Amino acid sequence: MRHPLSLLPAFLLLFVAVSIEAFVVPWSRSDSAQFSAPQRHDSAGQQRPYQSRNVLPNLTWLRDFAIEKVFRVPKPVKAGPVRPGSFPHPSSSELPNTLLAKYGGDVVLRFNLSTPAEEKALAEAADTLFLDVWEFTQNWADIRLREDDVPSLLGLLPKSLQKAYSNLMPDLAKTIYQSYPSIAFADPSLSPNRADRSFTPALRTSDGVENIFFRDYQPLSVIVPWMKLMASMFTTHVRMINIGTTYEGRDIPALRVGVSPNLPQEDEEPRKTIIISGGFHAREWISVSTVTYIAWSLITSYGKSPGITKLLQEFDFVLIPTANPDGYVYTWENDRLWRKNRQQTSLRFCRGLDLDRGFGFEWDGTSYQSNPCSESYPGDEPFQAVESHRLAEWAKNETDSNGVNFVGFLDLHSYSQQVLYPYSYSCSADPPSLENLEELGMGLAKAIRISSGQQYGVASACEGAVSSNLTPAGGFSRMETGGGSAIDWFYHEMRVRYSYQVKLRDTGAYGFLLPKENIVPTGEEAFNAVKYFGDFLLGNKGIESNLVEEMHRGVVSHSKVQTGEEEQLVEDEEVEDYVAEINWELRRRRR
């Protein structure tokens, strides 16, 4: 805190500025409420507005300067015209210094990969230069780096890759600026530990969304009270629970949604439970919002939708909006693209462990990405990441002591629109229930496509940018280590039969900076996938069975098609063809 005497000159300046303005400016303002502005006439005799006779035209800057110094008010950010429901789109020169210092000059490049040798070269170059690999699929890899480092990266790549790339985000700082719901940039000289942070969220609204909570991304300080509100409003089927404590001492909150029988039973069976988690990687905000959207949809559909009511009677859903609260808070207050948790490592200046590489099954932190500065750093030993350890401890305690049987695990991430099943650690080992995992995975992607038209790929989580191709050395080329993943641990150690990682929207246009207009559509996609997931576990085989059931009840098969005076019924063969489509896709994949 500054000494009071140091503020004396600023206070005097403020007093002088305000006093002069109070007595002088009203006499010179053309729009004063006390004086009507006289009209002047031009040479043609036409009236023209009177021009202000402000004797101190630059006085306002003196007053504003004094106020800024006394009260530490940040200077306003210049902005262009704002459309209704939108935010300013400043040029790079108008962005706050804090943002420009962190991301100014950064770009995101997409490399198109076609051979194992290209992927291996890109992976090694990214590791050598400590670059941030955003995402990778069977065909491409997105990498963030400083524009000045592009020549260094290209110099490490084969000629086939030196021109096989495109610039997805030429002005990353500007894209980040636009991703926040509302921004009030504070004075850069303020301490980062102060409450008035660089990024201050506010609940602004966007058109077309009824629920204000889903009109914007929300910080943890809003999400936790919202979860408490849900638990207090819907006491019959919602409870708020705590998974554990983070490295920095925050709770990992979750909602347990389900209707457990109240009547005592002699041979009470373990309660079948499905976990839906988000936010393992802090910057993946859409995964956090999607978990809350699924929770809201389940909670408010109970008693209204027969299908959801049945699901909540048969299963408990544990919804964890963010498994990484420390990292999530850090993305709001300091670094929008922070990925890991906030745990201290062996290198003082490189903090954080990758939570999704910290689980104990096939942990592989020594052979790849062993540098603490790596975005995929898994730690020095299994379960060193505090939050991963807490989640595993909680899950084991639930099964050992609380009569819980975990039957499903959906871990939401972004981006690339994929449904991934075990194993992540290796492509040379197939899970025992591979066919069932493929079948349900294809069904989840189908449910999304039917609901929104969005295409989600289905693959083993081990597959990197070049799927199922061996490197010249005989091993699989990886963009990052695949060991220690949550879906592998839950599948193998906890015997969760259906374990998936779902990578949500989009496919690279915005990446982790997905605009808020996608919150509800993405939530709807995921909610439809969850409904399919539950129906499948109930033995209904999801959407296809529901359609057949509706046909037999006459809901669909008695739909009438007018052809003149005749009415034709929709034939059952149409749905049979629809049901066979997934089976054909599965057979094609196995070939």
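Tabulated data
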item: Members of the stretch 467-526 found to be of a type in the set (Gly, Ala, Ser), open to solvent by 30 Å² or more (accessible area, probe 1.4 Å) and either under 22 Å from the mean Cα position of the chain (by Cα) or modelled with pLDDT of 95 or more (or both), listed by number; result: 509
item: Selection count, the stretch 116-159, where residues are hydroxyl-bearing (Ser, Thr, Tyr) and surrounded by fewer than 16 Cβ atoms within 10 Å (Cβ to Cβ); result: 2
item: Residues within the stretch 443-455 that are in contact with a helix residue (DSSP H, G or I) (Cβ under 8 Å, 6 or more places away or on another chain) and open to solvent by 20 Å² or more (accessible area, probe 1.4 Å), tallied; result: 5
item: Number of the exception - residue 446 against (1) over 29 Å from residue 390 (Cα atoms); (2) at pLDDT below 95; result: (2)
item: Whichever residue in the stretch 398-436 is free of Cβ contacts under 8 Å to residues at least 40 places away in the same chain and part of a helix (DSSP H, G or I) and, among such residues, is least open to solvent (accessible area, probe 1.4 Å); result: 434
item: Residue within the stretch 213-235 that is farther than 30 Å from residue 173 by Cβ and modelled with pLDDT under 95 present; result: no
item: Where residue 147 falls short, out of the listed (1) more than 27 Å from the chain's Cα centre (by Cα); (2) modelled with pLDDT of 90 or more; result: (1)
item: Residue list for the stretch 375-397, restricted to those being touching a residue at least 40 places away in the same chain (Cβ under 8 Å), of a type in the set (D, E, K, R) and either surrounded by 22 or more Cβ atoms within 10 Å (Cβ to Cβ) or farther than 29 Å from residue 436 by Cβ (or both); result: 375, 387, 390
item: Members of the stretch 485-543 that are touching a helix residue (DSSP H, G or I) at 6+ places or on another chain (Cβ under 7 Å), part of a loop (DSSP other than H, G, I, E, B) and of a type in the set (Val, Ile, Thr); result: 496
item: Only listed residue being among the small types (Gly, Ala, Ser), without any contact (Cβ under 8 Å) to a residue 40 or more places away in the chain and closer than 14 Å to residue 282 by Cα, chosen from 327, 352; result: 352
item: Residues of the stretch 114-134 satisfying the condition of being in contact with a Cys (Cβ under 6 Å, 6 or more places away or on another chain) and free of Cβ contacts under 8 Å to residues at least 40 places away in the same chain; result: none
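The values are calculated or read from the model by the stated rules, or taken from the named source; none is laboratory data. In this text, all values refer to a predicted model and were calculated from it rather than measured experimentally. Please note: Cβ atoms are built from the backbone with ideal geometry, for glycine as well, and neighbour counts cover all protein chains shown. Just the protein is used for accessible areas: all its heavy atoms, side chains included, with ligands, DNA and RNA removed. Shrake-Rupley method; radii C 1.70, N 1.55, O 1.52, S 1.80 Å.
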